[in-house]
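Rule-based calculations on the coordinates, nothing more; no lab input. Keep in mind it's a predicted model, so treat the numbers as computed, not measured. No Cβ is skipped: glycine too gets one built from the backbone with ideal geometry, and neighbour counts run over all protein chains shown.
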Amino acid sequence: MMMTPHTELLTRHSTNPIITAADLPYAANSVFNPAATIHDGETILLMRVEDRRGLSHLTVARSVDGVAGWRIDDAPTLVGQPDKYPEEIWGVEDPRVTFIEEEQRWIVAYTAYSRGGPLVSLATTNDFETFDRLGAVMPPENKDAALFPDRFDGRWALIHRPVVGGFGAHMWISFSPDLTHWGDHGILLKAREGAWWDARKIGLSPPPLKTDRGWLILYHGVRITASGSLYRLGLALLDLEDPRRVLKRSSEWLVSPNAPYERFGDVADVVFPCGWTLVDDEIRLYYGAADTCIGLATGRLSKLLAWLDKHDSLADE
């Protein structure tokens, strides 16, 4: 079989990493895994910041061009409130934000770190200055969650990643009429087995992206190697009307850690996006690198979809 050369579809920005802990206006260990959206003509990142105790909170950064000139909140924007929400005793992590057009607000899905383990919580905001918590919606151990921006037959849908000992870590989907009561749970995408790049453990990266062909999903796969875990990224496509129906899934990984700031840090060999933006055909992907800093990669939606067509593992089944 003749192998074709790999073409880089997501290009790392020349100024990467675009944000490090040194850019914060207060002392912290690291900044990574940002959610991303566009609000009032500016790119907003809701960044995970780990303090020098080891606990995480969320801080907002704003930029006119989405690349540089970041204006970062002087103090943490969203911190754990264990007195009211005991599930946040050890911090809040890894947000994803979804704009709900019918309600003109954003829903933030994030990981609350409880005494019983990480779990999924939701909050809402209109301005990324104040947040209204909806509380925990999934029990531990669960993370990597994001909401779809549209309802399906009147219900909201949430992708998340529960972990059940000995049975792998797969992506699930659940539905709710009110963002509080969740049910109709089912596995959406299973981690593969064996030597695949996405065997044993997968999880959603940014929120689902609506295209005219379906919901584009960027997800991470974790391969366990002799030197530790290796986080890579692949694509899948879900049906527009029924997101439980997987139309395509990439056989190959799309992005793998190879830049020095992705390979060396608090957790080596990690590229972990929680947010992307789309303007016309341009995707901007904001990601955590080695659990230490934030990187930016850009690409074309049309080229990602064409690549997925070419590398669709489901077409071979």
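Quick rundown of the values:
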read-out	value
Size of electric dipole in segment 57-104: Cβ of Lys, Arg +1 and of Asp, Glu -1, about Cα centre, debye, nearest 20	220
Estimated 222 nm signal from helices in the chain, with DSSP H stretches of n ≥ 4 weighted -39500 (n - 2.57), rounded to 500	-1000 deg cm²/dmol
Estimated vicinal HN-Hα couplings, Hz - segment 46-59 in sequence order (Karplus 6.51, -1.76, 1.60; Gly, Pro = x)	9, 9, 7, 10, 9, 7, 7, 8, x, 9, 10, 9, 10, 9
Among GLY135, THR180, ILE159 the positive-end extreme of the charge dipole of segment 134-192 (Cβ point charges)	ILE159
Lysine pair count for the chain [Cα-Cα under 26 Å; pairs on different chains or 8 or more apart]	18
Radius of gyration and Dmax over the Cα atoms of segment 181-317, both given in Å	15.0, 43
Pairwise label distance in nanometres, PHE99 with ASP74, each label 7 Å out on the Cα-Cβ vector	2.9
Kirkwood-based shape ratio for segment 19-316, expressed as Rg/Rh from alpha carbons	0.93
Residue-wise HN-Hα coupling along segment 106-122, computed from phi with Karplus coefficients 6.51, -1.76, 1.60 (Hz; x: Gly, Pro)	9, 9, 9, 9, 9, 8, 9, 9, 9, 5, x, x, x, 9, 9, 10, 10
For segment 35-174, size of Cβ-based charge dipole, Lys and Arg +1, Asp and Glu -1, in debye	480
In order through segment 30-36: 3J(HN,Hα) via Karplus (6.51 cos²θ - 1.76 cosθ + 1.60), integer Hz, x for Gly, Pro	7, 9, 6, 6, x, 6, 9
Fraction of antiparallel bridges per DSSP, segment 33-123 only, in percent to nearest 5	95
Most mobile of ALA21, ALA289, ALA35 in a GNM of the chain (Cα contacts under 10 Å)	ALA21
Summed side-chain charge close to LYS143 - residues other than LYS143 whose Cβ falls under 15 Å, Lys, Arg +1, Asp, Glu -1	-3
For MET138, residues with placed amide H under 5 Å, excluding near neighbours	VAL120
Leading residue at positive end of dipole, segment 53-119 (Cβ point charges), from ALA68, ILE107, GLN81	GLN81
Size of charge dipole - segment 19-316 - debye, nearest 20, with Cβ of Lys, Arg +1 and Asp, Glu -1, no other charges	920
Distance in nm between pseudo-label sites at LYS84 and LEU179 (7 Å out along the Cβ direction from Cα)	1.5
Simple label model, 7 Å out from Cα along Cβ direction - ASP65 to SER229, nm	3.5
